[in-house]
1. Can you tell me which residue among Leu142, Leu159 is of a type outside the set (Asp, Glu) and open to solvent by 80 Å² or more (accessible area, probe 1.4 Å)?
2. For the range 34-71, which residues satisfy the criterion of being of a type outside the set (A, V, I, L, M), under 22 Å from Lys149 (Cβ atoms) and in a strand (DSSP E or B)?
3. Working only within the range 30-51, note down all residues that are closer than 24 Å to Ile103 by Cα and either open to solvent by 80 Å² or more (accessible area, probe 1.4 Å) or in contact (Cβ under 8 Å) with a residue 24 or more places away in the chain (or both).
4. So if I check each of Phe109, Phe135, which one is in contact with an Asp or Glu (Cβ under 7 Å, 6 or more places away or on another chain), within 20 Å of Arg79 (Cβ to Cβ), of a type in the set (Phe, Trp, Tyr) and open to solvent by less than 80 Å² (accessible area, probe 1.4 Å)?
5. Suppose we filter Ala175, Ala186 for residues that are modelled with pLDDT of 95 or more, loosely packed, with under 12 Cβ neighbours inside 10 Å and either among the aromatic types (Phe, Trp, Tyr) or farther than 13 Å from His107 by Cα (or both); which single one remains?
6. Residue pairs, Cβ under 8 Å, 6 or more apart or interchain, first in the range 1-13 and over 11 Å from Pro64 (Cβ atoms) and among the hydrophobic types (A, V, I, L, M, F, W, C), second open to solvent by 90 Å² or more (accessible area, probe 1.4 Å) and not in a strand (DSSP E or B). List them.
7. Name the single residue that is nearest to Gln99 (Cα to Cα) among those in the range 1-11 being at pLDDT 95 or above and more than 17 Å from the chain's Cα centre (by Cα).
Amino acid sequence: MSVRLRRLAEADSARVLAWRNSPEVAAYMYTDHLIGPAEHDRWFAGALQAPDRRYWIIEMHGQPVGLANVARIDPTARRCEWAYYLGEASTRGRGVGAQVEYIVLRHVFEDLGLNKLWCEVLEENAAVWKLHESFGFRREALFREHVFKSGRFQDVMGLGMLRRDWEAARPDIEARLRERGVDPAAIPPPA
């Protein structure tokens, strides 16, 4: 399976809005409301232009299937946060997320030279926080009743990975990818 991250482009706007509003993706976002064109256009302009963010379209076999990003890139503190989602339901459970995670980790720690990558995940999104933990992320926080969604408060997990965690976990991560028939050396860096 061929997975790559390419830079987000203006032509991706309608597709990304559809993904953001899809029930499968929106279920794990912090908000419940339907995102309208004006709100999306403001967000999308920031995604394209903000100097402390990088957004990529996840492609599988050359077809757009999701969105990944690093944000709040802080070269002084040497950290950033990240998130991703698979917008195309047919790609879930096929190992795409694992390849995206590997690409982003390698990019953050090796290309950007940062010391920490962190993220927040709704506690109910067990598939994603378990994937992060399997890559070496550690739970650093539990934000109790942090988000009001679907008519109730929900907890959010804060997870983090340090450069030294990545260096320790990388050989096992690459071995697991090879077991799945993926050559880590052949996975391209983000475009």
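The values are calculated or read from the model by the stated rules, or taken from the named source; none is laboratory data. As the structure is a computational prediction, the values presented were derived from the model and not from experiment. Here the Cβ positions follow ideal geometry from the backbone for every residue, glycine too, while neighbour counts run over all protein chains shown. For the accessible areas, the whole protein counts, side chains as well, though only heavy atoms, and no ligand, DNA or RNA atoms are used. Shrake-Rupley method; radii C 1.70, N 1.55, O 1.52, S 1.80 Å.
1. From the options Leu142, Leu159, the qualifying one is Leu142.
2. Answer for the range 34-71, where residues must be of a type outside the set (A, V, I, L, M), under 22 Å from Lys149 (Cβ atoms) and in a strand (DSSP E or B): Gly66, Asn69.
3. Result: Phe44, Ala47, Leu48, Gln49, Pro51.
4. Phe135
5. Ala175
6. Listed pairs, sorted by first residue: Met1/His61; Met1/Arg94.
7. Among them, the one singled out is Ala9.
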